Amino acid sequence: DTSDHLNVQRDGPVARVVLNRPDVHNAFDEALIAALQRAFRALSDDVDTRVIVLEARGRSFCAGADLTEFGTAPSQAIARRVRWERDLWGLFLEIRKPIIAAMRGYVLGAGVEMACLCDIRIASEDAVFGVPEVALGMVPAAGGTQTLPRIVGQGAALEMLLTGRRLDAAEAHA
């Protein structure tokens with residue numbers, strides 16, 4: 001599967017799913033979500049794929065939601081229904097194959113939430129983690145309020161979620 005937003009490369013039993021929006025730090029938009037859903041469903045069903053590595057082209061893993069699409073839904077109720085029907089985040093949890101997040105640069109908002117849904121997280125030294133939704137008066141929409149505490153502990157998660165403070169790779173590792 002190759003699209004403007006996503007590339008899938010195979011090397012034997014390893015499938016590399018590469019976010020391909022480097023000009024916007026691989027921010028999520030509807031097209032990227034749809035491409036990820038198609039790729040993950042296909043890889044989940046593919047008997048030759050044994051592991052999935054999620055990575056990104058460019059300097060950043062994922063800087064969260066593409067704010068140019070933010071707020072374009074006709075209503076919160078319609079947006080919630082569409083998210084439920086296109087549950088990419090639940091798909092991460094349904095896949096019975098290990099998913100490894102290979103992260104660098106910005107890992108923000110939905111990028112953090114996506115990484116939390118992966119089985120293994122590997123970050124380069126230049127990775128920066130954060131949940132900036134609080135500065136926008138929002139709650140993380142992909143379950144970050146539940147998944148982040150499981151990964152980093154309740155205290156660190158609350159600090160990130162309530163203050164919007166970013167962590168560098170060394171602090172995140174600690």
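Tally time: how many residues in region 50-62 are of a type in the set (A, V, I, L, M, F, W, C) and open to solvent by 10 Å² or more (accessible area, probe 1.4 Å)?
2
When region 6-56 is examined, which residues are found to be under 17 Å from L117 (Cβ atoms), among the β-branched types (V, I, T) and in contact (Cβ under 8 Å) with a residue 40 or more places away in the chain?
I33, V51, I52, V53
Give region 36-49 a look and list any residue that's out of contact with any strand residue (DSSP E or B) (no Cβ under 7 Å at 6 or more places or on another chain) and either open to solvent by 10 Å² or more (accessible area, probe 1.4 Å) or among the aliphatic types (A, V, I, L, M) (or both), or say none.
Result: Q37, R38, R41, A42, S44, D45, D46, V47, D48.
Condition check: of a type in the set (V, I, T), within 12 Å of the chain's Cα centre (by Cα), modelled with pLDDT under 90 and open to solvent by 30 Å² or more (accessible area, probe 1.4 Å). Does I33 satisfy that?
yes
A quick yes/no check of all residues on (1) in contact with a Phe, Trp or Tyr (Cβ under 7 Å, 6 or more places away or on another chain); (2) among the hydrophobic types (A, V, I, L, M, F, W, C); (3) within 19 Å of L158 (Cβ to Cβ):
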position	(1), (2), (3)
F92	no, yes, no
A101	no, yes, no
R104	yes, no, no
A115	no, yes, yes
S124	no, no, no
V131	no, yes, yes
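Determine whether R10 is of a type in the set (K, R), surrounded by fewer than 13 Cβ atoms within 10 Å (Cβ to Cβ) and not in a helix (DSSP H, G or I).
yes
Can you name the number of the only condition in (1) modelled with pLDDT of 75 or more; (2) buried (at least 19 other Cβ atoms within 10 Å of the Cβ); (3) among the aliphatic types (A, V, I, L, M) that A142 fails?
Going through (1) modelled with pLDDT of 75 or more; (2) buried (at least 19 other Cβ atoms within 10 Å of the Cβ); (3) among the aliphatic types (A, V, I, L, M) one by one, A142 breaks only (1).
The values are calculated or read from the model by the stated rules, or taken from the named source; none is laboratory data. Note that the structure is predicted; figures quoted are calculated from it, not measured. No Cβ is skipped: glycine too gets one built from the backbone with ideal geometry, and neighbour counts run over all protein chains shown. When the accessible area is computed, the model is the full protein with side chains, heavy atoms only, and any ligands, DNA or RNA have been set aside. Shrake-Rupley method; radii C 1.70, N 1.55, O 1.52, S 1.80 Å.
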